[in-house]
Amino acid sequence: MGKQVKSGRFLFIDQFRGFVGVLMLLGHCSYYFNSIWHTLDPFEPLFSSWWQFALRYAGYLCAPGFLMMAGAMVWWSHKRRIESGTSDRSARWHLIQRGIFLVLAQITWVNSSWGGFKTFNPAHLGIIACIGISVILLTLIINASWIVRLAIAIAILLLHPFLLNISYNTENTFLEVIMQVFVTAGKYNKYPVLPWFALAVLGSVMATGWLEKWKTDRERVIKGGVIAIGAFVLAILVRMGEGYGNISPFSSPGHISFFLDQKYPPSLFMNLWFFGAVVAFVTLFIIIGKLSPRILSIFTIPGKTPLFFYGMHLAILGIFVKRMDLFYREGGIGATLIGFVIMMLIMMPLCKWFYRVKKKSNNYLIKLI
Amino acid sequence: MKNSRNISFAVIVVLIITTLNSCMSGSDDFSNASVSLHGTYSEDPENDTMFRIMDNTGITAQLDWASEEVKEVELWHIDWLDEDGELVYRKRLNIHSTDSAKEIKSYISTEPSTRMPGVYTVEFYYFREKVATKQFTLEPAFSLEQHQDELQTDIILYRGTSRKTGKRVGEGTEFTLRKKRKVRSLITIKNSLNGINDELLFKVKWIDPQGKTCYHKDFVHPVTELEIILKSYISIEPGSREPGDYRVEVYLFGVMIGEQGFVVNP
């Protein structure tokens, strides 16, 4: 194995996950401090400047990044448990508990934290619940070979654009909930499971390469790079086709609208594009980790405590900015960046502290966070 | 070695930013695009940045621009924002190359029940990128109480004008149904309005014995005009009108500033 493995943890995975968490914090700082959110509709985003677009688009990497890393870690964690003598049934049950915990974390802590715990809003699923459900579903195919998992992911991604054409009666709450949990996006869920589960499965497939089959960093970089370029080319071909796999039209190749197809739920183009982006970034992190490891060290701790980082920064922003109305959506990009720096200064020591607690603790719940 | 790595890293970052920046600038040229605003009654094309809240009115914003290349679909969004930058209304337009009407326009109501006075902005987005914007002021609804002493309305009703003398004939408030007969109104308004900066929008309504508007006519006059004359008429031919009590009403910015009743006999 390469140098970037420490006590069974792959540093580039932790660092990339930390990077995604930090990007999410940046996006959330924009959500709380940036006045563009008075008019920015996530379902129909419009941008007044390049910087506002860049700020929003940076956050588009987060959901695919988290789902793929969750898929990778589920596969790796299951494999390690089996290798250490745990039964398959027990290893899967551990993952199912983690998935259930994530769903519960979403409908209790996360949903309420957005508004500073002013209201309890359990009737909504989001990215954390989507990860949780994907983790649970992944346990069903975790023993399948990478080729079978890849085939399942591709089949779901190819099928999803057709499922989006299903029309349903929005006055029928049951149907609406089912559709929004699995296929489309709306008030009950912005992250329908099917397309995001496919990305989690792809994460598990990539993990087979990154963490098992590819033995050196050089091999990871070359093969990861080829896969990323292949995904980008495929995504561009789908987009240029302007038909199947597209949802929003674009002005011209290279224009922001080319890259901004629908996110909620993602089009096939978006899934291919961000799958490529995640693989490209992980590859880049392997390269940077070899050339100049210190550059990425800032992401290591958030990457080792991703759920704590996510839940805690949302709670702080929700309580102090939203509920106590401290500069809530009063500024622009400058205010967002200042808020981001302050939040990083708060979150880094907090994450370090929690990581130490988690390492020492045998508490069931703390281990799950 | 370390320096060269840092320089390479910086070069990559600059390249990424430059590429993304060129993406944002897009390939379409909007330097000749212009936004025009039209109020329901506005007739002055030069003054399209000031409107007034009043009943049954609204504003249409239109972008005058033509794409150099024909696209199968053009994606447009038109946002209307209030003084606090809050979204008032968003319109999405998917204009197809086969569409017969390709106007890029949107309308909002400016009725007192839906709109507050203030500075508003209309923004045009082409494929999610802002390409044109225009601000306008929405003045408060006209209040007659505030301007009671600054307006004097005089309504004269008559049948017609003598061809020989040029004088009005048949002045009064009683008229008779007859072929080719008309009731004409001459409305004279002495104007010394203060604090009004936009053009004056008048409406003359003719009300029939059932209380319905049988005819109305709109007038636009500059606020600088000290004496404003409004002329309007209705036919009182048998068959087109019934006998009974009629009324002529004069409105400024949707608020009645004068009325005069009259009788049409069989």
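The values are calculated or read from the model by the stated rules, or taken from the named source; none is laboratory data. None of the values given here were measured: they were computed from a predicted structure. Note that each Cβ is placed from the backbone with ideal geometry, even for glycine, and that neighbours are counted across all protein chains shown.
Quick notes on this structure:
- Screening A:Phe174, A:Phe197 for residues that are aromatic (Phe, Trp, Tyr) and buried (at least 20 other Cβ atoms within 10 Å of the Cβ) leaves exactly one candidate, A:Phe197.
Rundown of residues vs (1) among the acidic types (Asp, Glu); (2) touching a helix residue (DSSP H, G or I) at 6+ places or on another chain (Cβ under 6 Å); (3) in a loop (DSSP other than H, G, I, E, B), yes/no style:
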| position | (1), (2), (3) |
| --- | --- |
| A:Phe232 | no, yes, no |
| A:Leu237 | no, no, no |
| A:Ser248 | no, no, yes |
| A:Ser252 | no, no, yes |
| A:Tyr264 | no, no, yes |
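- The number of residues in segment A:191-219 that are outside any helix (DSSP H, G or I) and touching a helix residue (DSSP H, G or I) at 6+ places or on another chain (Cβ under 8 Å) comes to 3.
- Inter-residue pairs, beta-carbon under 9 Å, first at positive phi and in segment B:225-244, second assigned to a strand (DSSP E or B) and surrounded by 12 or more Cβ atoms within 10 Å (Cβ to Cβ), 6+ apart: B:Gly244/B:Val263; B:Gly244/B:Val264
- Check on A:Ile131, of a type outside the set (Lys, Arg), at negative phi, assigned to a helix (DSSP H, G or I) and in contact with a Ser or Thr (Cβ under 7 Å, 6 or more places away or on another chain): no
- Applying a threshold of 6 Å to beta carbon distances and a minimum spacing of six or more residues, or different chains, the list of pairs starting in segment B:120-147 at a residue that is within 13 Å of chain A (Cβ to nearest Cβ) and free of Cβ contacts under 8 Å to residues at least 40 places away in the same chain and ending at one that is surrounded by 18 or more Cβ atoms within 10 Å (Cβ to Cβ) and of a type outside the set (Val, Ile, Thr) reads B:Lys130/B:Glu123.
- Sole residue being at pLDDT 95 or above and within 30 Å of A:Val103 (Cα to Cα), chosen from A:Leu202, A:Leu237: A:Leu202
Matching residues to (1) among the hydrophobic types (A, V, I, L, M, F, W, C); (2) in contact with a Lys or Arg (Cβ under 7 Å, 6 or more places away or on another chain):
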| site | (1), (2) |
| --- | --- |
| A:Ala280 | yes, no |
| A:Ile286 | yes, yes |
| A:Leu307 | yes, no |
| A:Val321 | yes, no |
| A:Arg329 | no, no |
| A:Ile346 | yes, no |
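- Annotation for segment A:26-46: at least one member residue is under 19 Å from the mean Cα position of the chain (by Cα), surrounded by 17 or more Cβ atoms within 10 Å (Cβ to Cβ) and among the hydrophobic types (A, V, I, L, M, F, W, C).
- Selection within segment B:64-81 - within 22 Å of the chain's Cα centre (by Cα) and modelled with pLDDT under 95: B:Asp64, B:Trp65
- Filter pass, A:Asp261 being closer than 21 Å to A:Ala63 by Cα and either at pLDDT below 95 or of a type in the set (D, E, K, R) (or both): yes
- Criterion (more than 24 Å from A:Ser112 (Cα to Cα) and either surrounded by 18 or more Cβ atoms within 10 Å (Cβ to Cβ) or not polar (S, T, N, Q) (or both)) met by exactly one of A:Gly339, A:Gly318, A:Gly332: A:Gly332
Rundown of residues vs (1) modelled with pLDDT under 90; (2) among the β-branched types (Val, Ile, Thr); (3) more than 30 Å from B:Val220 (Cα to Cα), yes/no style:
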site: B:Ile16; (1), (2), (3): yes, yes, yes
site: B:Ser27; (1), (2), (3): yes, no, yes
site: B:Leu87; (1), (2), (3): no, no, yes
site: B:Thr98; (1), (2), (3): yes, yes, yes
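- Among the residues of segment A:48-59, those that are within 13 Å of chain B (Cβ to nearest Cβ) and under 17 Å from A:Cys29 (Cα atoms) comprise A:Trp51, A:Gln52, A:Phe53, A:Ala54, A:Leu55, A:Arg56, A:Tyr57, A:Ala58.
- Those residues of segment A:346-367 which are among the hydrophobic types (A, V, I, L, M, F, W, C) and more than 26 Å from A:Lys118 (Cβ to Cβ), in sequence order: A:Met348, A:Trp353, A:Val357, A:Ile366
- Options A:Arg89, A:Arg149, A:Arg81; residue that is surrounded by fewer than 16 Cβ atoms within 10 Å (Cβ to Cβ) and part of a helix (DSSP H, G or I): A:Arg89
- Taking segment B:221-266 as the region of interest, none of the strands (runs of 3 or more DSSP E) fully inside it holds 3 or more residues being under 28 Å from B:Pro112 (Cβ atoms) and of a type in the set (D, E, K, R).
- Any hit, segment A:316-337, residues being under 17 Å from the mean Cα position of the chain (by Cα), outside any loop (DSSP other than H, G, I, E, B) and either closer than 30 Å to A:Thr39 by Cβ or modelled with pLDDT under 95 (or both): no
- Residues of segment A:106-124 that are over 22 Å from A:Thr184 (Cα atoms) and surrounded by 17 or more Cβ atoms within 10 Å (Cβ to Cβ): A:Trp109, A:Ser112, A:Ser113, A:Trp114, A:Gly116.
- Residue satisfying all of: in segment A:322-339; touching a residue at least 40 places away in the same chain (Cβ under 8 Å) and small (Gly, Ala, Ser); farthest from A:Trp51 (Cα to Cα) among these: A:Gly339
- Subset of segment B:65-81 [more than 10 Å from chain A (Cβ to nearest Cβ), surrounded by 12 or more Cβ atoms within 10 Å (Cβ to Cβ) and outside any strand (DSSP E or B)]: B:Trp65
- Pick from segment B:88-106, criterion part of a strand (DSSP E or B) and over 14 Å from B:Phe124 (Cβ atoms), ranking: nearest to the other protein chains (Cβ to nearest Cβ): B:Asn94
- Flag for A:Ile147 being among the β-branched types (Val, Ile, Thr), under 22 Å from A:Val205 (Cα atoms) and in contact (Cβ under 8 Å) with a residue 24 or more places away in the chain: no
- Of residues in segment B:94-116 being crowded, with 16+ Cβ neighbours inside 10 Å and more than 15 Å from the chain's Cα centre (by Cα), the one nearest to B:Thr57 (Cα to Cα): B:Ile104
- The residues on offer are B:Val204, B:Val223, and the sole one that is within 21 Å of B:Leu138 (Cβ to Cβ) and touching an Asp or Glu at 6+ places or on another chain (Cβ under 8 Å) is B:Val223.
- Exactly one residue among A:Phe53, A:Phe66, A:Phe101 is touching a residue at least 12 places away in the same chain (Cβ under 8 Å), in contact with an Asp or Glu (Cβ under 9 Å, 6 or more places away or on another chain), at negative phi and of a type in the set (A, V, I, L, M, F, W, C), and that residue is A:Phe53.
- Candidate set: segment A:244-262, residues that are away from chain B (no Cβ under 11 Å) and not polar (S, T, N, Q); chosen: the one nearest to B:Ser67 (Cα to Cα): A:Ile247
- If only residues of segment B:126-176 that are among the hydrophobic types (A, V, I, L, M, F, W, C) and part of a loop (DSSP other than H, G, I, E, B) are counted, the one that is nearest to B:Leu93 (Cα to Cα) is B:Phe127.
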